[in-house]
1. Extending each Cα 7 Å along its Cβ direction at residue 167 and residue 102, get the distance between those two points in nm, one decimal.
2. Taking neighbour Cβ counts within 10 Å as the exposure measure, how do 28, 178 sort from fewest upward?
3. Could you point to the label whose value was computed as log10 I(q)/I(0) by the Debye sum over Cα atoms at q = 0.08, 0.17 Å⁻¹ for the structure here, given (i) -0.31, -1.12; (ii) -0.35, -1.09; (iii) -0.22, -1.09?
4. Quick one: of the DSSP bridges fully inside the chain, what percent are antiparallel, nearest 5?
5. Order these peptides, 83-90, 179-186, 33-40, 61-68, by their mean beta-carbon neighbour count within 10 angstrom, highest first.
6. How much length, in nm to one decimal, is gained on full extension between residue 65 and residue 86, taken as 0.36 nm per residue of separation minus their Cα-Cα distance?
7. Mind checking the full-extension length gain between residue 34 and residue 94? Use 0.36 nm per residue of separation minus the Cα-Cα distance, one decimal, nm.
8. Can you sort 58, 100, 43, 137 by how many other beta carbons sit within 10 Å, fewest first?
């Protein structure tokens, strides 16, 4: 497929370790895009250990049919830990976006391309909100703000569709985490 397209086409990789809500963030992005009438693919990939093992997912959002769910050169990358940064950052397209969790990543990525980097203290913001597990939503909110795909409140409306009912008590926390991540990105000029 060509690097430049006339219609909207966004390939995203979200990566971290098991237990950081990587799949949940990817599902929320995909569900939000579907509700907005976009074509979407979502492909999860788990490490052998699941919790604290590697985890990543690929999300493709487009105006037209998507030929493949595989993402090898993402337009955007959201990484929640250093191992994921080292693995995926070199793959980001020139001019692409990297959202990295600076609470757990204290280095800059190795890349020979010019990319837009936003370091978000996702864990720190989530802890301020009362639950470190919301760091995934903080990072996703920052991504949504930078890419201007969907308003964080629109994404929050999709949370009940992807969260098991037993977790619905976290809806307001996750919605606030999305907003805080977006707010952080809006206030940072990088």
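1. If labels sit at residue 167 and residue 102, their model points lie 2.7 nm apart.
2. 28, 178
3. Correct label is (iii).
4. Bridges in the chain are about 55 percent antiparallel.
5. Listed from highest to lowest mean packing, they are 179-186, 83-90, 33-40, 61-68.
6. Computed gain between residue 65 and residue 86 is 4.4 nm.
7. Taking 0.36 nm per residue and subtracting the Cα distance, the gain is 18.9 nm.
8. Ordered by Cβ neighbours within 10 Å, fewest first: 43, 58, 100, 137.
Values quoted throughout were computed directly from the atomic coordinates according to the rules given, and no laboratory measurement underlies them. Since the structure is predicted, the reported quantities are computational estimates derived from the model, not experimental observations. All Cβ positions, glycine included, derive from the backbone under ideal geometry; neighbour counts span all protein chains shown.
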